[in-house]
Every structure is written in structure tokens, then in C-alpha cells.
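All remarks here apply to the structure that follows.
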Amino acid sequence: MQDLADSAAPTTVLADAVDLARAAAVEAADGETAQVGEHLEVVREDDTAATHYFAADKPGYRGWTWAVTVMGADEVTLGEVALLPGADAVVAPEWVPWTERVRAEDLAPGDLLPVDEDDERLVPAHAALDDDEPGAEEIRAVADELGFGRPRVMSPEGRFDAAERWTSGDFGPGAEMARAASAHCGTCGFYLSLGGSLRGAFGVCGNGNVPADGHVVHAEYGCGGHSELQVDTGSVVMVAELVYDDGVEMDPVPATD
Ligand code: SF4
């Protein structure tokens, strides 16, 4: 709210129009006089307009104020009436488009989550080939392998986003499990490399005995299920050399010629 000290004072006639402004606020409050509280201040808008502020004692509007703009030089008339949030007002959070609000875990079976035509994570790809085109079948086979058989494929931005998300996620190099591991996925026999441009850094864990099974893991992630870990299975107790003692003294056998 503008501080009176920061602006020139409104004309006397506008500043004195408190009753007119209050009446307008009460009318806007459906005649509930009690909902228009104390007069807080009057702020100059320009040479012929000023706004009177009243505390709003309206249920559910803590910290809000009635703002009533009056105008005129000699004769004062009513401008507009509004209920405005103050610094302490409880207001709704800034609106965020649903496409940015929705989280992966919000999607339930049967729900649809359409992708925008201009979603930057996707780019148009090779969609179809004319069957009469010479070599169409071979080209299609190669195109399918490269991912061009689909209308759209992931853009470099989309791949980069995914890579960042996976790297900083539960199966990235910074995860607690990875930091405690003595060997990484990149050298593990259970690591199934991804195809395409993400191949160098990501794969899927195929070890059904570990939490990462079926998840995309970073090559520098790791866990105790690494295929090449050697665990010493020997006894942890020192074992003395075996001695057989039946208590019978044995005489040496005399040597024969
Ligand atoms: S078993 Fe562990 S080290 Fe091996 S790929 Fe899976 S998560 Fe990585």
C-alpha cells in the first residue's frame, strides 16, 4: 500500500470525502456496516482523484482492505470500490498452468495426460514413408531402429532434462547408495545400456535382488549387488593348525637294512 508520506496530499475536498467512501464500501459489503472497519488512510491518485482505504472486517478476508476511489474538483463523485489484499492477507497462490502443476505420481490408471503440440521435449520425426518409394522397406527398418518410425521423438532439450533428472535422482551418482558402493553400474554385468544419445551415461538395472531393478541408473550409480564384487567368505575366527592327539606315545620304527 502506498504510504501517504511518499506522495503529495490529496485535495482537501477529496480527503474529506470519508463518509461518501465509507457508504460506498458498506454498499459493496451488501449493507453489512460491521464489515467496513476503521479508516486507514487516503492516498492521492492525481489532481482530481484519491483513494480511501478502510479495514475489511469481512469473514475470511483477514488483512484485506476496502479501497474506494473518489474523484472531482469541487463536487466529489464516486469512482470505484474494490476489496484489496494487504501484506498480511491470505491469498491464493499464484496460478500455475496444470501442465506445470501435475506431478508424475498424480497420474492414475485410466487418466489421460496429453502432451502439447509445442512441447519442447518432443520434435517431429520421420512419420511415414511412401510404400512405392524404392528401398522404402529398408529405410523404414533403419528409421524404426533410430526411432523415426514414431511421429515425434525426444528433442535434445527433452533428453537433457531427463538426463539431469535421472542424474540428480535416487539412482544417480550422488545417491547415498552410490556413495557407499565400492563399484559402479558401468562395470556391472546387470547394467543394460540405453540406446541412443543417453547410452554413454545411463542404463537399466536388471538385478532382481536390488532396489534399482527395472530403474534407469546412472553409469556411476552403484550398489552392493554389483556382479563382480568379491566377498571374503572365510571364517572370521582364527583357526589353529589341526593337530591329532589320541594320547598314545608312538615309538619310532627301527630302521631296517
Ligand atoms: S546391481 Fe547394482 S551395481 Fe549392478 S547395475 Fe544394478 S544397481 Fe548397478
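The values are calculated or read from the model by the stated rules, or taken from the named source; none is laboratory data. The structure displayed is predicted, hence computed values, not measured ones. A quick note on method: Cβ atoms are made from the backbone with ideal geometry, for glycine too, and the neighbour counts reach across all protein chains shown.
For this structure, a couple of remarks:
- First in region 179-196 and on the phi < 0 side of the Ramachandran plot and in contact (Cβ under 8 Å) with a residue 12 or more places away in the chain, second anywhere and among the hydroxyl-bearing types (Ser, Thr, Tyr) and near the ligand (Cβ under 7 Å from one of its atoms), Cβ under 8 Å, 6 or more apart: Ala181/Tyr221; His184/Tyr221; Cys185/Tyr191; Cys185/Tyr221; Cys188/Ser227; Gly189/Ser227; Phe190/Ser227
- Hits in region 195-206 - residues which are touching a helix residue (DSSP H, G or I) at 6+ places or on another chain (Cβ under 7 Å) and more than 10 Å from the ligand (Cβ to nearest atom): Ser197, Leu198, Ala201, Phe202
- Some residue of region 152-162 being over 24 Å from Asp119 (Cα atoms) and either touching a residue at least 60 places away in the same chain (Cβ under 8 Å) or not small (Gly, Ala, Ser) (or both): no
- Among the candidates Arg159, Arg152, the residue that is modelled with pLDDT under 85 and either within 8 Å of the ligand (Cβ to nearest atom) or surrounded by 13 or more Cβ atoms within 10 Å (Cβ to Cβ) (or both) is uniquely Arg152.
- Filtering region 38-50 to residues that are in contact (Cβ under 8 Å) with a residue 24 or more places away in the chain and part of a strand (DSSP E or B) leaves Leu40, Glu41, Val42, Val43, Arg44, Glu45, Ala49, Ala50.
- All of Leu192, Leu229 fail the test of being at pLDDT below 90 and within 12 Å of the ligand (Cβ to nearest atom), apart from Leu229.
- Restricting attention to region 1-25, the residues that are modelled with pLDDT under 85, in a helix (DSSP H, G or I) and of a type in the set (A, V, I, L, M) total 2.
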